Structures are given as C-alpha cells and as structure tokens.
1. When a footprinting reagent is the concern and you count Cβ atoms within 10 Å, what order do Val36, Val5, Val61 take, fewest first?
2. Which values of log₁₀ I(q)/I(0), to two decimal places, follow from the Debye formula for the chain at q = 0.11, 0.17, 0.21 Å⁻¹ with a uniform point scatterer at every Cα?
3. About the Cα centre of the chain, what is the dipole size in debye to 20, counting +1 per Lys and Arg Cβ and -1 per Asp and Glu Cβ, all else neutral?
4. If one takes the longest principal axis of the Cα atoms in the chain, at what angle in degrees, from 0 to 90 and to the nearest 10, does the Cα axis of helix 74-89 lie?
5. By a straight-distance test (C-alpha under 18 Å), which lysines pair with Lys74 as possible cross-link partners, with residues fewer than eight away in the same chain excluded?
6. Residues of the range 29-43 with backbone nitrogen within less than 12 Å of a virtual label 7 Å along the Cα-to-Cβ line of Glu87, please, listed as ranges.
7. Once the Cα atoms of helix 14-31 and of the chain are each reduced to a long axis, what angle between those two axes, in degrees from 0 to 90 to the nearest 10, is obtained?
8. Between the range 49-90 and the range 4-45, what is the separation of their alpha carbon centroids in Å?
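We did not get these values from a lab; they are worked out from the coordinates using the rules stated. If you're wondering where the values come from, they're calculated on a predicted model, not measured in any experiment. Using ideal geometry, Cβ is built from the backbone for each residue, glycine included, and neighbour counts are taken over all protein chains shown.
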Amino acid sequence: MADLVIKRNHNMDPEELRRLLEEKFGPKAKEYGVDVSWEGLSARLSGPIKGELRIEPEEIVLQAKLSFTARLFKGKIEKEINQALEEIMG
C-alpha cells in the first residue's frame, strides 16, 4: 500500500505534460534526493520516495512509498508536489 497517493485531472497533451513535468518536477525531486527516470508516460521514482508517476489520458497519478525519514515530512512533501503540479497545470 502506498504512503502517498496524489491524483490530478488534466486536459493537456500527455507528451507536453511529460515535458513540463521533466522540466519542473524533476529538479524539485532532486532536492529531496529522489531520482526520476522516465519511460514513455511513466516515471519511476527511487530514493527516499519510491514509486511511480503516470500520465494517463485525463489524469496524473503518483503513488509512492516513503522512507521512514521521508514519512516525517509527508505533509511538506505532499504540499510541494501539489504546488509543482499547480504551477505546471495552472
């Protein structure tokens, strides 16, 4: 079971959304020591946050397990992710 699940509806072109996520979400993830590797419209997260971010036709889905230390900052991490998504998707 995931410690963190974020779902966001979108009406963007999936490839354009991926480009924006790579550009804005990737550097933010690095600040937390999280590596993001993309394959198609899915990104694998590794490090203190392990999981997957998927771009579906009308929704972005992030499911992740948090390390013990990351769980202590779950609220802040969730807030940062939501802020980044808001900046990207408006």
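1. Val5, Val61, Val36
2. Reported log10 I(q)/I(0), two decimals: -0.26, -0.64, -1.02.
3. Working: 15 positive and 17 negative charges, 107 e Å.
Computed charge dipole of the chain: roughly 520 debye.
4. With both axes taken from Cα atoms, the answer is about 10 degrees.
5. Lys7, Lys28, Lys30, Lys50, Lys65
6. 29-31
7. 20 degrees
8. Rounded to whole Å, the Cα centres lie 9 Å apart.
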